[in-house]
Amino acid sequence: MRLLRLRTVLAATDLEPSSDSAVESAIRLADAAGAKLHMAYVAPDQSGRSASRGNPEAESAMTAFRERIGWSGKNRQIHITSGDPAPTISRLSDEIGADVIVIGRHRQRTAGKANRSIGSTAYDVVKRALAPCLITSRPLQVPVQEALVAIDTSETARGALLVALSWASALRHSKSDAAATTLTALHIETGRPLSTRGADRKRIVDHELDVLKRGAESWAGVTVASATKTSTDPVSAIVGFANDQKPGLVVLGTRGLSARKASGLGSVTAAVTNELDMPVLLVPPAVWRQHAHDIDYL
């Protein structure tokens, strides 16, 4: 099992206060792991101005942002560029070999209600990403004491389960006498009879979860628990459970790039991400497929 090694953290920012928590989360992740921290700002395109000539307005805005959040320290790099934000951030992530992309939520208010949507740019970044994306409107608390991963009988869930275990292990308390971090695997049952294939998959997932429960604490320092909820509305069930338990991190698998709205994340994942006001780690196929194979050797 390949446990998480955070060597490169990328924070994407629009320099607005709504992205402060994302950058703070990235700083905490990088500090905890001793990773190199990159911060990227994709400035609005300036007609007739090439990126190579610089952008005084963007550089001035970045300076003000750095002062506001207290950006300092070694092993940190800032990227200011222009273009279409989503492909630009995705391309940068690939170039630097980012192990995670940290993105803030939109926090605009409409008719007196908070809009927790991750926004179109963040959504497009997540669809394109080859690395996990941490979406947050509040700073991630490190160490993580409680983590939650939503699972079903799919390969996506198998991989997301191991990614969640890896993150929980990497972000647990480093002191030997501290309480173990707990990872809860939440399975939502619709109440409808499973097909033969679905029942076989469920037996596999249940077995793998049992294996992790028996051994994860000894080699990952994480206590693995499980919970089952029966509901015809998986989104409400996951959101309700998370709001009751208040984990420090929620992990969900995604489906990757897709031309259809919401299907890039999966409709349940997209809806849950928009509803939750807590850090959510979205795991793309490029990551969860690797981990789904790892579990076969546990």
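The values are calculated or read from the model by the stated rules, or taken from the named source; none is laboratory data. It should be emphasised that the depicted structure is a prediction, and the values quoted were computed from it without experimental measurement. Cβ sites come from the backbone with ideal geometry, for glycine too, and all protein chains shown count toward neighbours.
Could you please give the count of residues in the stretch 171-193 that are surrounded by 13 or more Cβ atoms within 10 Å (Cβ to Cβ) and either in the same structural domain as ALA35 (by TED's automatic domain parsing) or closer than 21 Å to ARG5 by Cβ (or both)?
Keep residues of the stretch 171-193 that are surrounded by 13 or more Cβ atoms within 10 Å (Cβ to Cβ), which gives 171-173, 180-190.
Adding the requirement that they be either in the same structural domain as ALA35 (by TED's automatic domain parsing) or closer than 21 Å to ARG5 by Cβ (or both) leaves 171-173, 180-181, 183.
Here the count works out to 6.
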Mind checking which pairs have a first residue in the stretch 207-234 that is more than 15 Å from GLY191 (Cα to Cα) and a second that is among the charged types (D, E, K, R), Cβ under 6 Å, 6 or more apart or different chains? GLY221/ARG172; THR223/GLU217; VAL224/LYS213
Just the residues that are modelled with pLDDT of 75 or more, of a type in the set (Gly, Ala, Ser) and in contact with a helix residue (DSSP H, G or I) (Cβ under 6 Å, 6 or more places away or on another chain), please, taken from the stretch 91-128. GLY104
When the stretch 135-151 is checked residue by residue, the ones that are surrounded by 23 or more Cβ atoms within 10 Å (Cβ to Cβ) and touching a Pro at 6+ places or on another chain (Cβ under 9 Å) are ILE135, THR136, LEU140, VAL144, ALA147, LEU148, ALA150
Can you say whether SER93 is of a type in the set (Ser, Thr, Tyr), crowded, with 20+ Cβ neighbours inside 10 Å, assigned by TED's automatic domain parsing to the domain that holds TYR41 and in contact with a strand residue (DSSP E or B) (Cβ under 8 Å, 6 or more places away or on another chain), as far as the supplied structure shows? yes
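When the residues of the stretch 54-83 are narrowed to those that are among the charged types (D, E, K, R) and without any contact (Cβ under 8 Å) to a residue 24 or more places away in the chain, which ends up nearest to TRP288 (Cα to Cα)?
Narrowing the stretch 54-83 to residues among the charged types (D, E, K, R): 57, 59, 66-68, 74, 76.
Cutting the leftovers down to without any contact (Cβ under 8 Å) to a residue 24 or more places away in the chain gives us 57, 59, 66-67, 74.
Working: GLU57: 40, GLU59: 37, ARG66: 34, GLU67: 37, LYS74: 32 Å.
Among them, the one singled out is LYS74.
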Pull up the stretch 80-90, narrow it to residues that are under 20 Å from PRO132 (Cα atoms) and in contact with a strand residue (DSSP E or B) (Cβ under 6 Å, 6 or more places away or on another chain), then point me to the one that is modelled with the lowest pLDDT. PRO85
